[in-house]
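Asker: My questions will all concern the structure given below.
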Amino acid sequence: MLAVSRPFNPEVPMRLFLAPALLVLTATPAVAGAVDQMVTAYRLFDLGVAAQDGLSQIAAARLAAGIEVHPVERAPEAEGGRDGGKDQRPAPRDPAAMMELARVAVEADETLALLLQDAAATAELLPKATLRQSAAVLRPGEVHRYQLAVDGGAETAIGVIGDGDSPLNLTIGTETGPLCQQDGSALACALQLPESGFVTVTLRNTGDGVNGYWLLTE
């Protein structure tokens with residue numbers, strides 16, 4: 001548990017003392033798998049930005065900082081697509097960029113600025129979960145397919161984080177049909193096969209922008 005060493009001051013909001021402990025409890029790898037933790041971080045960060053909620057941005061940045069990422073080359077089978085389209089952000093923000101954006105968002109609030117310092121410090125001290133990350137780019141209307149091996153009887157998490165320039169559709173299935181389907185920018189599916197085999201991960205760019213994305217596995 002994170003200890004707050006500053007003396008009690010009744011004029012300081014109680015969130016300064018309670019929130020660091022909450023961040024530690026919700027950011028440890030034992031709470032969720034690495035894929036779920038990373039996808040949750042990006043969803044929460046987007047909500048925090050939209051609502052101008054600095055505390056949410058801090059919590060999201062802390063969650064993302066609790067993941068150690070290992071890049072893996074995975075070439076998708078590509079289909080369709082067209083040139084052009086907006087490309088405001090070439091890739092999703094990395095955890096360091098999220099932490100910096102959170103710092104800018106709360107720099108005028110002394111309480112939240114102190115909380116951010118605590119969150120950044122604990123990110124370096126607590127154990128990190130790990131995941132594998134493959135980067136690729138989807139043009140407008142393009143489809144990417146991956147064949148991924150899955151161990152039978154074990155729960156498998158697969159996630160996708162887009163850069164936000166265009167909405168994505170994620171479908172995961174086998175030859176018998178789809179197992180999971182989601183739309184958005186930060187997506188995660190948990191699945192379990194009775195026997196070891198392969199799943200097909202299909203990712204579609206359903207908008208008019210160019211979407212740089214990460215495919216995440218554990």
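Asker: For region 105-127, what are the residues that are exposed (fewer than 15 other Cβ atoms within 10 Å of the Cβ) and closer than 15 Å to Val69 by Cα?
Answerer: If the condition is that a residue be exposed (fewer than 15 other Cβ atoms within 10 Å of the Cβ) and closer than 15 Å to Val69 by Cα, then Glu124, Pro127 are the ones that fit.
Asker: In region 63-72, what count of residues is obtained for those that are touching an Asp or Glu at 6+ places or on another chain (Cβ under 9 Å) and not small (Gly, Ala, Ser)?
Answerer: Keep residues of region 63-72 that are touching an Asp or Glu at 6+ places or on another chain (Cβ under 9 Å), which gives 64-65, 69.
Filter once more, keeping what is not small (Gly, Ala, Ser): 69.
Adding up the residues that qualify gives 1.
Asker: For region 156-180, enumerate the residues that are in contact (Cβ under 8 Å) with a residue 60 or more places away in the chain, part of a loop (DSSP other than H, G, I, E, B) and either of a type in the set (Asp, Glu) or open to solvent by less than 10 Å² (accessible area, probe 1.4 Å) (or both).
Answerer: Within region 156-180, Asp163, Asp165, Ser166 meet the criteria.
Asker: Would you check if there is a residue in region 129-140 being surrounded by 17 or more Cβ atoms within 10 Å (Cβ to Cβ) and charged (D, E, K, R)?
Answerer: yes
Asker: Would a scan of region 181-204 turn up a residue that is part of a strand (DSSP E or B), under 14 Å from Pro140 (Cα atoms), open to solvent by less than 10 Å² (accessible area, probe 1.4 Å) and not β-branched (Val, Ile, Thr)? Spell out how you get there, then give the answer.
Answerer: Step one: of region 181-204, the residues part of a strand (DSSP E or B) are 181-184, 186-191, 197-204.
Then keep just the ones that are under 14 Å from Pro140 (Cα atoms); that gives 203-204.
In the following step, the residues that additionally are open to solvent by less than 10 Å² (accessible area, probe 1.4 Å) were identified as 203.
Still in the running and not β-branched (Val, Ile, Thr): 203.
Yes, there is a match, as at least one residue in region 181-204 is part of a strand (DSSP E or B), under 14 Å from Pro140 (Cα atoms), open to solvent by less than 10 Å² (accessible area, probe 1.4 Å) and not β-branched (Val, Ile, Thr).
Asker: Kindly list, by first and then second residue, each pair from a residue in region 72-83 that is open to solvent by 100 Å² or more (accessible area, probe 1.4 Å) to a residue that is part of a loop (DSSP other than H, G, I, E, B), limited to pairs with Cβ atoms under 9 Å and residues at least 6 apart or on different chains.
Answerer: Sorted first by the residue in region 72-83, then by its partner, the pairs are Arg82/Arg139; Arg82/Pro140; Arg82/Gly141; Asp83/Arg139; Asp83/Pro140.
The values are calculated or read from the model by the stated rules, or taken from the named source; none is laboratory data. Keep in mind that this is a model prediction, so the values were computed, not measured. A quick note on method: Cβ atoms are made from the backbone with ideal geometry, for glycine too, and the neighbour counts reach across all protein chains shown. Protein only, heavy atoms only, side chains kept; ligands, DNA and RNA dropped before computing areas. Shrake-Rupley method; radii C 1.70, N 1.55, O 1.52, S 1.80 Å.
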